[in-house]
2 protein chains.
Amino acid sequence: MIKDLFQCSTQGRMTGDERREQILQAAVQLFSQRGFSGTTTKQIALASGVSEAMVFRHFETKDALYDAILDSKRSDDGVHRFPWEENEDLRLAMEAKDDFGVFYNLGLHALTKHHTDESFMRLLFFSALEEHKLAERFFGEFVSKVYEFIGNYISERQKDGAMRELDPKIVVRAYLGMLIHHSLNNILWDKQRRMMDISNEDAAKNFADILLNGIKN
Amino acid sequence: MIKDLFQCSTQGRMTGDERREQILQAAVQLFSQRGFSGTTTKQIALASGVSEAMVFRHFETKDALYDAILDSKRSDDGVHRFPWEENEDLRLAMEAKDDFGVFYNLGLHALTKHHTDESFMRLLFFSALEEHKLAERFFGEFVSKVYEFIGNYISERQKDGAMRELDPKIVVRAYLGMLIHHSLNNILWDKQRRMMDISNEDAAKNFADILLNGIKN
DNA sequence: GCGCCTAAAGTAAGTGCTTACTTACCGTAT
DNA sequence: ATACGGTAAGTAAGCACTTACTTTAGGCGC
């Protein structure tokens, strides 16, 4: 594996899988920056350090390349893994019915992920606007599950008498709204953080605080 | 004016201004649906019912057409007019320091506007992703003013002792987050309202309710 | 070890079509 | 009669994708 990386960076020639991966990464970067129709296969080839023909050896069409991104994103870097599956703090807080812990960790987890995978966020938004199926699938496979899961937690806490009787879905939307909108601001409109410069921890803390006071009994 | 409309719909030949406006509208529609690079001048010409040459008689380049949209959006249909300038209920509520009235009306106003000008919303997001200057300008001229204005109201109410000492900017971000994210869901991901089907009034009511309970003293 | 062979990595130079934009020319209302 | 709304038919560059060919890594007989 170390040898692979060594080869990768020093020699011009790579194995098929290495090159495929490299083209894929270049495509992710470019599609996320300029959108699908704003990116040319020539640019992708150039960014991958190969000729255009190589792009088409690895991916039948430009569309197929887009689809391959989707699949790779799902399998390798756990974009589709749910917060409660990989965040121990969150799971413990849920068991303990520590509402602040739940919403704080959930928020921090989301904000951190948005921050570290900015290009995926942009890709998602582009694909939503351009109406590729990436966004649709992500919504169906991931977002709706999040609504369900957090919604269930809220229902439970309502039965406990800890939260007011609001539609859980609306509460989830309100909270995700704070989080996603905040990330969107950071990624799209206020990259220099001129309007607001705040750590993810502070943001998560404040949002959780506002929400929980807003819905507690 | 009635004659203008009559001419417009029945005769092939229009005055220059009429045609210009028609091309502009077609471009708004197409750019908002497919983005700038996803739209061709041929498509715009077709949608306007003229030849491509006419598009270039009225607008020097495709880019100039994009800029013209920006300018027209600003001048004619009041996209840049502030809620508190055109919403009497909101203004009255602010004078009366009726917090729920303020945030409810603000929210309803925003959601209604997003709903009726969906294509402008899409245009804004496209331009933010594609990094055209439309989004940047809108952010500088409109969004930042909204933050300032609502932020000031919150500061005032904090001095009155009616609201907790949270950073007003974060509160604004939280609330705008709920509103914009909700509209975004309706426009981009859940057009059929399968996940949540709720009137703008109910949404504004719930969001205002959550926020105000979240920040009250 | 050594050379040979083959599969696969790689490319230069296309293909036909589409793109943004132009030119040179009409028809008609005033 | 001329100014203006309008078009048909371009142009050069760029697009997704292909073809026909070259280079190289590495397995295998010797």
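Quick notes
- Pairs of lysines in chain B whose Cα atoms sit within less than 23 Å of one another amount to 26, provided the residues are eight or more positions apart or on different chains.
- Remark: the protein assembly as shown carries 48 Å² of accessible area per residue (probe radius 1.4 Å; ligands, DNA and RNA excluded).
- Members of the stretch B:152-186 that become less accessible by 40 Å² or more once partner protein chains are added (1.4 angstrom probe, chain alone as reference): B:ARG164, B:LEU166, B:LYS169, B:ILE170, B:ARG173, B:ALA174, B:MET178, B:HIS181
- Structure-based [θ]222 nm, chain A - -39500 (n - 2.57) summed over DSSP H runs of at least 4, per residue, nearest 500: -22000 deg cm²/dmol
- Computed from the C-beta positions of B:GLU118 and A:ALA96 and an R0 of 30 Å, the FRET efficiency is 0.10 to the nearest 0.05.
- The protein assembly as shown, Rg to Rh (Cα coordinates; Rh as Kirkwood inverse mean 1/r): 1.01
- Compared with the dominant principal axis of the Cα atoms in chain B, helix B:62-75 is inclined by about 50°.
- The average projected area of the stretch B:132-171, computed from the convex hull of its Cα atoms over all directions, is 2.7 nm².
- Radius of gyration (Cα atoms) of chain A, expressed as a multiple of 2.2 N^0.38 Å: 1.21.
- Chain B and chain A together bury an accessible surface of about 4300 square angstrom, both sides counted, with a 1.4 Å probe and no ligands or nucleic acids included.
- Helix B:99-116 axis, angle to chain B major axis (alpha carbon atoms, nearest 10°): 20
- Relative contact order (percent, whole number), chain A, Cα cutoff 8 Å, 6+ residue spacing: 20
- Applying Stokes-Einstein at 20 °C and 1.002 mPa s to the Kirkwood radius of the stretch B:108-188, computed over alpha-carbon pairs, gives a translational diffusion coefficient of 154 µm² s⁻¹.
- Accessible area (Å², 1.4 Å probe, nearest 10) - B:GLU21: 80
- Within the accessible area of the stretch A:2-75 (1.4 Å probe), percent carbon and sulfur: 53
- Each Lys and Arg adds +1 at its Cβ and each Asp and Glu adds -1 at its Cβ; summed about the Cα centre, the stretch B:2-75 shows a dipole of about 160 debye.
- What the Cα atoms of the stretch B:2-75 give is an Rg and a Dmax of 12.0, 36 Å.
- Here is the list for the stretch A:107-216: trypsin sites (Lys or Arg not before Pro) lying in DSSP coil, each with at most 11 other C-beta atoms within 10 angstrom of its C-beta, are A:LYS191, A:ARG193, A:ARG194.
- Per-copy distances of the B:THR40 label point, shortest first, in nm (7 angstrom along Cα→Cβ): 1.6
- Folded to 0 to 90 degrees: helix A:144-159 orientation relative to chain A principal axis, Cα: 10
The values are calculated or read from the model by the stated rules, or taken from the named source; none is laboratory data. These numbers come from a predicted model, not from an experiment. Ideal geometry is used to build each Cβ from the backbone, glycine not excepted, and the neighbour counts take in all protein chains shown. In case anyone asks, the SASA skips ligands and DNA or RNA and just uses the protein heavy atoms, side chains included. Shrake-Rupley method; radii C 1.70, N 1.55, O 1.52, S 1.80 Å.
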